[in-house]
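Visitor: Would you mind keeping the following structure in view while I ask a few things?
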Amino acid sequence: MSNQALPRPRFSAPEPERGPQAARKVEARTAPLLQGKVSEGPDAFFGWVMRLCGLAVVALLGLIVYQLIVGSELSWHAFGWKFFWQSDWNPVEDQYGALPFVFGTIVSSLLALVIAVPLSLGVAVFTTEMCPINLRGILSFTTELLAAIPSVVYGLWAIFVLVPLLREYVQPFLATTLGWTGLFSGPPYGIGMLAAGVILAIMIIPIISSIAREVLTVVPQHQREAVLALGATRWEMIRMGVLRNARAGIVGAIILGLGRALGETMAVTMVIGNRPEIAKSLFAPGYTMASVLANEFTEATGDLYLSALIEIGLALFFVTIVVNALARLLVWSVTRGQPARSLA
Amino acid sequence: MTGVAILTVVLVLLPLFAIFAYLLYKGIGSINLAFLTQTPKPVGEPGGGMANAIVGSMVILAIASVLGVPFGIGAGIFLSEYGRNRYGDIVRFVSDVLNGVPSIVIGIVAYGLVVMRQKHFSALAGGVALAIMMVPTIARTTEQMLLLVPQAIREAAYGLGVSRWRTTLSITLRTATSGVITGVMLAFARVAGETAPLLFTAFGNQFWNWKTDQPTAALSLQIFTYAISPFDEWHRQAWAGALVLIILIVGAVAAVRIAVRHGTLAGA
């Protein structure tokens, strides 16, 4: 530019910008013109009240963190990091270690993912790629309905239907076929880690499948057409053209399901057996972080006892926050139209 | 492979139908007038019902809605009308994250906020817990609904000299009313069946209670207590309670779906 003697006059109109950024720019330019004086009394007042409401959401998060940290201070000073590595939970002697609960939460959630992920991906692929349009609405409505059932009703059903089913048929079968692994040994109570994993899987399938569906619909149609044009079968098209493109979003959906499974309380409490011990067998009863809160919070007599429970709540909170934040970022990366591959 | 995909759908839908069928089968046989009009009987005596729990749930949900809905809608208006910038993105992200916080943790927070101060369990504490859960959901759905309102409608209002706050309330929000109500009802349905945050806030009660600062019965709590009890009579009532709860929730969601289909937003 600077080596030109005279700036060349520009006759062509500037290329119109596109995309959400540009829309924001245009909005920012035109908004003051459209609204006249922005700082008029009532307008400014209303604007600030709405901003306050927005701020309240952030403040809520701060409040939660504050309450949990203040409440768990006592236990933190007494045990430090050791709290999460000790497996001795003894309210009588004021000795608290959260390891059995951490173990139970992780194992039951992973078990749920192992069962739920293939099933929910199957449902998501079926609804977006294969299913006739009029069936699609019904399917999504039914999965929505699954999500609307309260956790306590899942638990009720699990106690009276799922657990007897597991005890009578599934567990004996698993013990005879896969008993040698050590994962499926011991007396088949029905109630235990396996029951918790299965009911959790049933509960997180709607979440994973509906978000995976959302992600799959965002994959551009011409991707599919391009892969088909190369001579791929429908299944190859789904695998290469759709699933691979939506990889980051699908991982996000799975992690979101994991977040829900980690914090799920009632149904798990009702079927996991509530015994704070670490067992290799999935038939054995266990305990999760959320269920120990549900069972013991109102009975916590000592200050240290209560504080230890709140510390478990704090740990649960941080884990779910991290897991959810990660999942949101992954899902956003796909649904906001950025290339999925940059993150996966 | 198509077969496998269809198989997964069947496998997923199977528990849904199993739950609903079993719920109807067990529940319908157990619901009677006594269940809907009486309070729980002592262990061993047959009969009794959950009338106090049904009313208690409604009281707690009313408190939650009064506290949570205005903030939620306000935050939604902020996000769509004032928050198309970095601050909005922060609020958006925080509310998505808040949506994933386990409900039992919210219960601890409400316990610290209300129960510790009042020194006893109360309907108010339960309402606060549920309100905290409603705000982020309502904020996000309200935002999405307001964004559906065409910019031209706002501009038309500005063109007539209507001030911005008036436009937002009487034009934008009004246009999106049915959508916003959908969001509110979805949040309502989500918290209506919540049990975990009520365990140590509302606590439950075997008797009638009309004071908001006293322990209050809730349907979901009652189902939990009865389900894990060893008595057949209580199991029966737990099923009846679950059916009533589901009918209330599904009824609300269905009513909202119908309202939306005939609502103003359908034509916008």
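Visitor: Being surrounded by fewer than 24 Cβ atoms within 10 Å (Cβ to Cβ), outside any loop (DSSP other than H, G, I, E, B), in contact (Cβ under 8 Å) with a residue 60 or more places away in the chain and assigned by TED's automatic domain parsing to the domain that holds residue A:105 narrows it down to one of A:212, A:248, so name that one.
Guide: Numbers: A:212 fails: surrounded by fewer than 24 Cβ atoms within 10 Å (Cβ to Cβ).
Selected residue: A:248, the only one of A:212, A:248 that is surrounded by fewer than 24 Cβ atoms within 10 Å (Cβ to Cβ), outside any loop (DSSP other than H, G, I, E, B), in contact (Cβ under 8 Å) with a residue 60 or more places away in the chain and assigned by TED's automatic domain parsing to the domain that holds residue A:105.
Visitor: Could I ask something else about it? Would it be correct to say that residue B:117 is free of Cβ contacts under 8 Å to residues at least 12 places away in the same chain and among the basic types (Lys, Arg)? Walk me through how you get there before you give the answer.
Guide: Details: free of Cβ contacts under 8 Å to residues at least 12 places away in the same chain: yes; among the basic types (Lys, Arg): yes.
Criteria met by residue B:117.
Visitor: Here's something else I'd like to know. So which residues in the range B:62-89 are surrounded by fewer than 22 Cβ atoms within 10 Å (Cβ to Cβ), more than 7 Å from every other protein chain (Cβ to nearest Cβ), part of a helix (DSSP H, G or I) and over 20 Å from the mean Cα position of the chain (by Cα), if there are any at all?
Guide: Matches in the range B:62-89: B:86, B:87, B:88, B:89.
Visitor: Of the conditions (1) acidic (Asp, Glu); (2) under 30 Å from residue A:184 (Cα atoms); (3) without any contact (Cβ under 8 Å) to a residue 40 or more places away in the chain, residue A:299 fails just one. Which one is it?
Guide: For residue A:299, the failing item is (2).
Visitor: To continue, here is another question. Any idea which residue in the range B:3-31 is farthest from the other protein chains (Cβ to nearest Cβ), counting only those that are over 24 Å from residue A:147 (Cα atoms) and surrounded by 13 or more Cβ atoms within 10 Å (Cβ to Cβ)? Walk me through it before giving the result.
Guide: So in the range B:3-31, the residues over 24 Å from residue A:147 (Cα atoms) come out as B:3, B:29-31.
Imposing the further condition that a residue be surrounded by 13 or more Cβ atoms within 10 Å (Cβ to Cβ) reduces the set to B:30-31.
Values: B:30: 12, B:31: 15 Å.
Checked the range B:3-31; the qualifying residue farthest from the other protein chains (Cβ to nearest Cβ) is B:31.
Visitor: Can you confirm whether the range B:158-166 contains a residue that is more than 8 Å from chain A (Cβ to nearest Cβ), over 30 Å from residue B:28 (Cβ atoms), of a type in the set (A, V, I, L, M) and not in a helix (DSSP H, G or I)?
Guide: Within the range B:158-166, one or more residues are more than 8 Å from chain A (Cβ to nearest Cβ), over 30 Å from residue B:28 (Cβ atoms), of a type in the set (A, V, I, L, M) and not in a helix (DSSP H, G or I).
Residues checked against (1) more than 30 Å from residue B:97 (Cα to Cα); (2) within 29 Å of the chain's Cα centre (by Cα):
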| position | (1), (2) |
| --- | --- |
| B:143 | no, yes |
| B:147 | no, yes |
| B:151 | no, no |
| B:157 | yes, no |
| B:162 | yes, no |
| B:167 | yes, no |
| B:175 | no, yes |
| B:178 | no, yes |
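Visitor: As an exercise: evaluate residue B:103 against (1) modelled with pLDDT of 90 or more; (2) in contact with a Gly (Cβ under 9 Å, 6 or more places away or on another chain); (3) within 8 Å of chain A (Cβ to nearest Cβ); (4) surrounded by fewer than 20 Cβ atoms within 10 Å (Cβ to Cβ) and give the number of the one condition it does not meet.
Guide: Just one mismatch for residue B:103, condition (4).
Visitor: Take the range B:204-233 and flag every residue that is hydrophobic (A, V, I, L, M, F, W, C), touching a residue at least 12 places away in the same chain (Cβ under 8 Å) and crowded, with 21+ Cβ neighbours inside 10 Å.
Guide: The answer is B:217, B:218, B:219, B:221, B:223, B:224.
Visitor: Return the only residue of A:104, A:71, A:155 being assigned to a helix (DSSP H, G or I) and farther than 27 Å from residue A:283 by Cβ.
Guide: On the way: A:104 fails: farther than 27 Å from residue A:283 by Cβ; A:155 fails: farther than 27 Å from residue A:283 by Cβ.
Result of the check over A:104, A:71, A:155: A:71.
Visitor: Ok, one more. Those residues that are more than 18 Å from residue A:153 (Cβ to Cβ) and either touching an Asp or Glu at 6+ places or on another chain (Cβ under 8 Å) or not in a loop (DSSP other than H, G, I, E, B) (or both), I need them from the range B:176-194; list them, please.
Guide: B:177, B:178, B:179, B:180, B:181, B:182, B:183, B:184, B:185, B:187
Visitor: Taking the criterion of being touching a residue at least 12 places away in the same chain (Cβ under 8 Å), closer than 22 Å to residue B:7 by Cβ and small (Gly, Ala, Ser), would at least one residue in the range A:94-111 satisfy it?
Guide: Checking the range A:94-111: not a single residue is touching a residue at least 12 places away in the same chain (Cβ under 8 Å), closer than 22 Å to residue B:7 by Cβ and small (Gly, Ala, Ser).
Visitor: In the range A:119-174, which residues are surrounded by 18 or more Cβ atoms within 10 Å (Cβ to Cβ) and more than 9 Å from chain B (Cβ to nearest Cβ)?
Guide: A:124, A:128, A:158, A:163, A:166, A:167, A:171, A:174
Visitor: Output yes when any residue across the range A:215-237 is closer than 27 Å to residue B:101 by Cβ and either crowded, with 20+ Cβ neighbours inside 10 Å or assigned by TED's automatic domain parsing to the domain that holds residue A:91 (or both), and no when none is. So that I can check it myself, show each step before the final result.
Guide: Quick first cut of the range A:215-237, residues closer than 27 Å to residue B:101 by Cβ only: A:215, A:218.
Checking the rest, the ones that are also either crowded, with 20+ Cβ neighbours inside 10 Å or assigned by TED's automatic domain parsing to the domain that holds residue A:91 (or both) come to A:215, A:218.
Among the residues of the range A:215-237, at least one is closer than 27 Å to residue B:101 by Cβ and either crowded, with 20+ Cβ neighbours inside 10 Å or assigned by TED's automatic domain parsing to the domain that holds residue A:91 (or both), which makes the answer yes.
Visitor: Within the range B:186-203, take every residue that is of a type in the set (A, V, I, L, M) and either surrounded by fewer than 22 Cβ atoms within 10 Å (Cβ to Cβ) or within 11 Å of another protein chain (Cβ to nearest Cβ) (or both) and give me the one that is farthest from residue A:288 (Cα to Cα). Give the steps one after another, and end with the answer.
Guide: Of all residues in the range B:186-203, those of a type in the set (A, V, I, L, M) come to B:186-187, B:189, B:191-192, B:196, B:198-199, B:202.
When the remaining residues are screened for being either surrounded by fewer than 22 Cβ atoms within 10 Å (Cβ to Cβ) or within 11 Å of another protein chain (Cβ to nearest Cβ) (or both), the result is B:186, B:189, B:191-192, B:196, B:198-199.
Working: B:186: 28, B:189: 26, B:191: 22, B:192: 24, B:196: 14, B:198: 19, B:199: 16 Å.
Per the stated criteria, the residue is B:186.
Visitor: Would you check if there is a residue in the range A:190-207 being free of Cβ contacts under 8 Å to residues at least 40 places away in the same chain, farther than 25 Å from residue A:326 by Cα, over 20 Å from the mean Cα position of the chain (by Cα) and part of a loop (DSSP other than H, G, I, E, B)?
Guide: Filtering the range A:190-207 down to residues free of Cβ contacts under 8 Å to residues at least 40 places away in the same chain leaves A:190.
With the extra rule that they be farther than 25 Å from residue A:326 by Cα, the set shrinks to A:190.
Keeping just the survivors that are over 20 Å from the mean Cα position of the chain (by Cα) gives A:190.
Then keep just the ones that are part of a loop (DSSP other than H, G, I, E, B); that gives A:190.
Within the range A:190-207, one or more residues are free of Cβ contacts under 8 Å to residues at least 40 places away in the same chain, farther than 25 Å from residue A:326 by Cα, over 20 Å from the mean Cα position of the chain (by Cα) and part of a loop (DSSP other than H, G, I, E, B).
Visitor: Every residue in the range A:74-101 that is aliphatic (A, V, I, L, M) and in a helix (DSSP H, G or I), please.
Guide: Within the range A:74-101, the subset aliphatic (A, V, I, L, M) is A:74, A:78, A:92, A:98-99.
Correct list: A:74, A:78, A:92, A:99.
Visitor: When you look at residue A:269, is it farther than 30 Å from residue A:314 by Cα, assigned by TED's automatic domain parsing to the domain that holds residue A:140 and part of a helix (DSSP H, G or I), yes or no? Steps first, answer last, please.
Guide: Numbers: farther than 30 Å from residue A:314 by Cα: no; assigned by TED's automatic domain parsing to the domain that holds residue A:140: yes; part of a helix (DSSP H, G or I): yes.
In short, no.
Visitor: Being acidic (Asp, Glu), surrounded by fewer than 24 Cβ atoms within 10 Å (Cβ to Cβ) and in contact (Cβ under 8 Å) with a residue 40 or more places away in the chain: is that true of residue B:96 here?
Guide: In short, yes.
The values are calculated or read from the model by the stated rules, or taken from the named source; none is laboratory data. Given the structure is predicted, the values throughout are model-derived calculations rather than measurements. Every residue, glycine as well, gets a Cβ built from its backbone with ideal geometry; the counts of neighbours run over all protein chains shown.
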